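Taken together, the values in this text are just the output of simple stated rules run on the coordinates, not laboratory data. This structure is a prediction, so every number in the text was calculated from the model and none was measured. Quick reminder, even Gly has a Cβ in these numbers, built from the backbone with ideal geometry, and neighbours come from all protein chains shown.
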Ligand code: TRP
């Protein structure tokens, strides 16, 4: 057990953060609240939906261009993954990167992370796996690389999760990554590309309602972990493409006027009032390369599917 591995199985919810988001005219909740164990499982289900093209497209790119990707990443690597979840995509890399030094999955859901790591250790008994239970959108520590060891640190950030951050946050995270990667490290990152809004909107409004359940899981968490009394049937999932901002927006809409009590505070909702729960920014290749350049990252190579829906970049 190392000092970076926190024993707590779940990040405590910040009452102040939650209330300050709800006691304003433009209500919002922090998106990281999605990922408790149940949320992580629902998210895995989203990834298997027909409408959610992102996961299978990124997997296709990783498998189809694997030899090129492996050669871009190079050898003697410590692989660090942001928001590792089920580590599904990483398994492809772990199998192909023969001389990997270690794998550091970072995830906010400590409970889920421990389960996944247990399975990974069975599948990769010789791999040194060092799980880090942390919120990677905030500054965090990594074990130092031994100077002169020749080990290179490469980050893996799949799933277009960078798109869930707004521009200053995205640049902040890229800059911190750039610093942690050092002069000869890199970043392998998946980015969802701008495309027709019907395809985008379908991906966040699946017919089976899994995305809706995922979105509402936030309210369930506030009920069980913060003593709130949200009635889940009085809110509706709403996701749409805000084209001027280049992002999918996820909201929860109040179906009637209602008052909800959260940690002792009353929050009033008008009928139709929305809680903004998540953004998912989409980029053109030019926009993304410019963003990366602002964090001092250079796009060494990129791979795109034939329909140009999704791109994987190796930045250094
Ligand atoms: N980063 C992915 C995306 O924006 C995954 C994701 C995050 C997501 N939050 C979500 C997918 C909410 C569906 C619903 O697409």
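For the chain, the longest principal axis of the Cα atoms and the long axis of helix 110-123 meet at an angle of about 30 degrees. Based on C-alpha pairs under 8 angstrom that are at least 6 apart in sequence, the chain has a relative contact order of 21 percent.
Over the chain, DSSP H runs of length four or greater, each weighted -39,500 (n - 2.57), average out per residue to a 222 nm ellipticity of -10500 deg cm²/dmol. Segment residue 240..residue 175, full-extension length gain: 20.4 nm, with 0.36 nm per residue of separation and the alpha-carbon distance subtracted.
Computed extension gain for residue 233 through residue 92, at 0.36 nm per residue and net of the alpha carbon distance, reaches 46.8 nm. Note on 226, 274: ascending count of other Cβ atoms within 10 Å places them as 226, 274, the fewest first. Put a dot 7 Å past the Cα of residue 166, heading toward its Cβ, do the same for residue 135, and the two dots end up 1.6 nm apart. Among 130, 66, 120, the ranking by other beta carbons within 10 Å of each residue's beta carbon, starting with the fewest, stands as 66, 130, 120. Between residue 123 and residue 197, the modelled label-to-label distance comes to 3.9 nm, taking each label 7 Å out from Cα in the direction of the beta carbon. Within region 115-255, the ratio Rg/Rh, alpha carbon atoms throughout and Rh by Kirkwood, equals 1.04. Stretched out straight at 0.36 nm per residue, the stretch from residue 268 to residue 226 would grow longer than its current Cα-Cα span by 13.4 nm.
Of the residues 46, 61, 171, the one with the fewest other Cβ atoms within 10 Å heads the list, and the complete ranking is 171, 46, 61. Rg/Rh for the chain (Cα atoms only, Rh after Kirkwood) is 0.97. Once the Cα atoms are used to define both axes, helix 210-226 deviates from the longest principal axis of the chain by about 70 degrees. The mean sequence separation of alpha-carbon pairs under 8 Å and at least six residues apart, normalised by the residue count of region 212-303, gives a relative contact order of 22 percent.
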